[in-house]
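Computed from the coordinates by the stated procedures, all read-outs in this text should not be read as laboratory data. All values derive from a computational prediction rather than experimental measurement. No Cβ is skipped: glycine too gets one built from the backbone with ideal geometry, and neighbour counts run over all protein chains shown.
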Amino acid sequence: MPSLNPTQPTVPQLIPAGLLLQLSIDEVKPSSNNPRHLFDPDQLDELKKNIAEHGVLVPIVVYQAKGQSKFSILDGERRFRCVRDLVSEGRTGKNGEPLKLPANVVEPPTKIAGLLYMFNIHNYREGWELMPTALSLKIVMEDLGTEDNKALSKLTGLSDPQIERCKKLLRFPERFQELSLDPDPRTRVPSNFWIEALPVIDLALETSETIKAIGRDRATEKLVDKYRGKKIKSVIHFRRIMESYEINEDDPQTRARVLRRVEEFFLNPSLETRDGFDEFVMDKKRVLSALAACDEFLAELQRFRLTYTSNDEERNSLRIALRRVQTYCESLWNALEGKDDPEVPQDQP
Amino acid sequence: MKGIIHSLRAAIRYRDYKPMSLTWLAAKRWVMQFDKGDRRLAQRLLDKVIYISESRTREILVQQNAALMNRLVAAGLKPKQFIYVSVHDTGSSSHVMLNLLRDAAGLERMGCKFLDAHDSMRLIKTMNELGEGALIYVDDFLGTGNQFCGERDSVARVMVGAFSEFILAPSICEEAIYEIGKRGVEAFTGHVHSKVERPLHANSPLFVRTEKDRMELICKGINKGGPLGYKGLATMVVLYRNAPNTVPAVLRGSQNQTPFKGIFPRTTDLPVQKIT
């Protein structure tokens, strides 16, 4: 009868921090956070060619997690990938020796440092990872005792709108947050769902006694059920609801109809977003007028030839006015951001 | 006489196989399904099965876990920083293995944590809370390693902090060792199942070509889609709880065990009991 041969990896040698080592590919552990969205293939190819010619000139930064033989990468995932590819292609160093990676060994990151590192990775990512980012941001806020966007932005490298989006996600109870952590994209509720749904829930709770009576959580559940029942085909469609409400500010009768429709939208599981609200927002004139206004505004400014304005007072007034325009445009730009999660299957609109 | 002794030996060796009680008569019936000229070959194949009984499974898990714990404690970690992770769906082998290990090694009393790979929220919270530690995945058998790596990658997507990663399993195929190694996950196992140990694998010298071809032809007659098991791995490890889906079809038998009765049918190969 065949016998069993127990196998255990060798006990890792503890490498003190501060050393510069030449590591083989097998001694390095790729970044745990899946970096597949991180790298531009063209840039990676360029780097690979460079490394094939000159070797790795700037050491990568690694640490050894306690108990682990391999070194985890803190900085240098791209260089690691290039060398790994070159090794698998059978490339060697100039003297025929195996390709190695120069690596600076540092201490394992502390909890907060690890979180901040993760934020830096997430800055380049898209889609569903926003929820883990938000949960980690919560830890940073609790540990450092600050909720100030500027301070958090400085620490994490997240932009102000990203922090705002995370904060919106944190307003939802855990049981809803969990739905965005589902590893299966077919059943996962995208993080953007909560961000886009939040103003609609707030509006319904503010304006409908019936929705107020069923409460925030039940109202949220109804939207989740609707999304899963494909009656919200894109999370961006929530905007049609808010748009319907906003553009009818000066028309109390239509606005009242919108609010009745909002209530119906929550209570009637079969009412689809576009079926419910397209009639209030089908007018494309506003956007067309805005596009024309942008062109006109630019053309007018260019016509005034303001670049060489020399009067101090005039220059200051102009800069203040332009700053106002810039601030408004930035906030509008941020508000227009947002899209469906590319990993979550969507019905075509 | 030789046939009876062989069947008796099989019944003793594989007596605690859970999906189906294996008597000497069942072992004999299994051999008798083959043509007379193939019976010796079938017996030789059966002799190459690497069977891991319940007690051996427990023993391996406890031993390997002790070795891993010693290493982690020597590296400066405390048991409360060890997160044991079960993979795959609820009720899968991984969960059973983890329960077995937890009870046998008293992990709960040491303050270790137990989580499910699908429970991302608790994983994030626990990792955030600990900051550093070890993630120890527990499973029974890894074939290609693809399924495990898929689960591990979904955990990695939410990983925060400095965590080392290990897999603890009674047996792991060499193909899986390679796959998990690429991800930097280290294996603690009772047995690395090499291709050489699998008589029907192309790289194994245990059977000659004509014997392999003959047995593969019989397997094809039983399961055309996967005669040598999933991805043609032709593995020979059978655990007391279930045979992996990577074993050759002659060992598992036909779906619903008709017309060919396997000696190690998987639970899903057995006919469903009718509820009256």
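Exposure proxy ranking for B:Leu45, B:Leu100, based on other Cβ atoms within 10 angstrom of each Cβ and starting from the fewest, stands as B:Leu100, B:Leu45.
Between B:Lys28 and B:Thr90, take the C-beta separation as r, use R0 = 45 Å, and let me know the FRET efficiency to the nearest 0.05. After rounding to 0.05, the efficiency reads 0.75. Please figure out what share of the DSSP beta bridges in chain A is antiparallel and state it in percent, rounded to the nearest 5. For chain A, the DSSP antiparallel bridge percentage is about 55.
Backbone amide hydrogens, once placed in the peptide plane, bring A:Phe71 within less than 5 Å of A:Val28, A:Lys29, excluding anything fewer than 5 places away on its chain. Across chain A, C-alpha contacts under 8 Å between residues 6 or more apart give a mean separation that, scaled by the residue count, equals a relative contact order of 14 percent. Near B:Phe260, once Lys and Arg are set to +1 and Asp and Glu to -1 for all other residues with Cβ below 13 Å from its Cβ, the sum equals +2. Its relative contact order, with pairs defined as Cα atoms under 8 Å and 6+ residues apart, puts the stretch B:134-243 at 23 percent. Each of A:Trp194, B:Trp30, A:Trp333, B:Trp24 was scored by other Cβ atoms within 10 Å of its Cβ. Listed from fewest to most, they are A:Trp333, B:Trp24, B:Trp30, A:Trp194. The alpha-carbon positions of the stretch A:190-273 define a convex hull whose volume is 78 Å³ per residue.
For the stretch A:68-177, applying the loop criterion from DSSP together with a ceiling of 16 other beta carbons within 10 Å to the GluC sites (Glu not before Pro) yields A:Glu89, A:Glu126, A:Glu147.
Straight-line cross-link partners of B:Lys195 among the aspartates and glutamates, defined as a Cα under 13 Å from its Cα and at least 8 positions apart when in the same chain: B:Glu174, B:Glu175. Taking 7 Å steps out from each Cα toward its Cβ at A:Leu322 and B:Asp16 produces label points 8.1 nm apart.
Applied to the stretch A:324-339, the Karplus parametrisation 6.51 cos²θ - 1.76 cosθ + 1.60 on θ = phi - 60° returns per-residue 3J(HN,Hα) values of 4, 4, 4, 4, 5, 4, 5, 5, 5, 4, 5, 5, 7, 5, x, 7 Hz, with x for Gly and Pro. Convex hull volume of the C-alpha atoms in the stretch B:124-189, normalised per residue: 72 Å³.
Legend: ranking of residues A:Lys285, B:Lys48, A:Lys226 from fewest to most surrounding C-beta atoms inside 10 Å; resulting order A:Lys285, B:Lys48, A:Lys226. One way to sum up the overall shape of the stretch B:1-95 is the equivalent ellipsoid from its Cα gyration tensor, whose semi-axes run 41, 15, 11 Å, largest first. With the convex hull of its Cα atoms as the shape, the protein assembly as shown has an orientation-averaged projected area of 40.2 nm².
Taking every alpha-carbon pair under 8 Å whose residues sit at least 6 apart, the stretch A:187-322 reaches a relative contact order of 22 percent. When both bridge partners sit in the protein assembly as shown, DSSP labels roughly 25% of those beta bridges antiparallel.
Across the alpha-carbon set of chain A, the Rg to Rh ratio works out to 1.08, Rh being the Kirkwood radius. In the stretch B:21-158, the convex hull through the Cα atoms has an average projected area of 10.8 nm², a quarter of its surface area.
The P(r) of the stretch B:121-276 has a tail past 22 Å containing 51 percent of all C-alpha pairs.
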